[in-house]
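S.K.: Supplied in structure tokens, the structure appears directly below.
The values are calculated or read from the model by the stated rules, or taken from the named source; none is laboratory data. Model, not experiment: these values are computed from the prediction. Counting neighbours? That spans all protein chains shown, and the Cβs are built from the backbone with ideal geometry, glycine included. The accessibility values were calculated without ligands, DNA or RNA, using every heavy atom of the protein model including side chains. Shrake-Rupley method; radii C 1.70, N 1.55, O 1.52, S 1.80 Å.
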Amino acid sequence: MYELLAQLAKYLIIGLLYYLLYNFLKIMIMDIREYDQEGPGYFLQTEEGKEIPLLKVTTIGRAVDSDIVIDDPYLSSKHALIYKKGNSLYIQDLKSTNGTFLNGVKIRKPVKLKENDVLVLGSKKYILKRRELNEPSD
């Protein structure tokens, strides 16, 4: 009788561990993707028309581990951060040497972004755009 209960407890614990591992991996995969699957997709448009998609949290700088790497001598290695909070998008300067400009104004604290805002990072200009996720990209 005790052997049967021990076997049942063993299988119950193994099943519980598999369940927890499955849910952990599912959350990790969703987190790794970092794309917002609901609502619009945001991107930065360069002066040349190139589109750079934004993640839930996007780092911008010269450093190779930045999400958006820009080779510009006027950009700091970790220059700025764009992040989503609720349904809003914010930009924050990361104490860069030359600053981050939003619509011609140097930002000093996190600022809420809106579509068609003009960002100047280093010597480059970007326009914030959005596209509904079901719209095809050009």
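S.K.: What number comes out for accessible area per residue over the chain if the probe is 1.4 Å? Units Å², please.
M.R.: In whole numbers, the chain has 72 Å² accessible per residue.
S.K.: Which residue, H79, L121, V111, has the largest displacement toward the positive end of the dipole of the range 42-130 when charges sit on each Cβ (Lys, Arg +1; Asp, Glu -1)?
M.R.: Towards the positive end, the residue furthest out is V111.
S.K.: Please compute the net charge surrounding E47, taking Lys and Arg as +1 and Asp and Glu as -1 over other residues with Cβ under 11 Å from its Cβ.
M.R.: Numbers: positive: K50, K124, K125; negative: E48.
That sum, taken over residues with Cβ under 11 Å, equals +2.
S.K.: Using the Cα atoms as the points, what is the convex hull volume per residue of the chain in Å³?
M.R.: 161
S.K.: Can you grab the distance from the C-alpha centre of the range 1-25 to the C-alpha centre of the range 59-132, Å, no decimals?
M.R.: If we compute the Cα centre of each part, the gap is 49 Å.
S.K.: Hey, any idea what % of the chain's accessible area is carbon plus sulfur with a 1.4 Å probe?
M.R.: After summing per-atom areas, the C and S share lands at 58 percent.
S.K.: Springs between alpha-carbon atoms under 10 Å, Gaussian network over the chain: tell me which of S96, S88, S76 tops the mean-square fluctuations.
M.R.: Among S96, S88, S76, the largest mean-square fluctuation in the Gaussian network model of the chain belongs to S88.
S.K.: I'd like the antiparallel share, as a percent to the nearest 5, of DSSP beta bridges with both residues in the chain.
M.R.: About 95 percent, rounded to the nearest 5.
S.K.: Quick one: helix 2-33 against the long Cα principal axis of the chain, what's the angle to the nearest 10°, folded into 0 to 90?
M.R.: Approximately 10 degrees, to the nearest ten.
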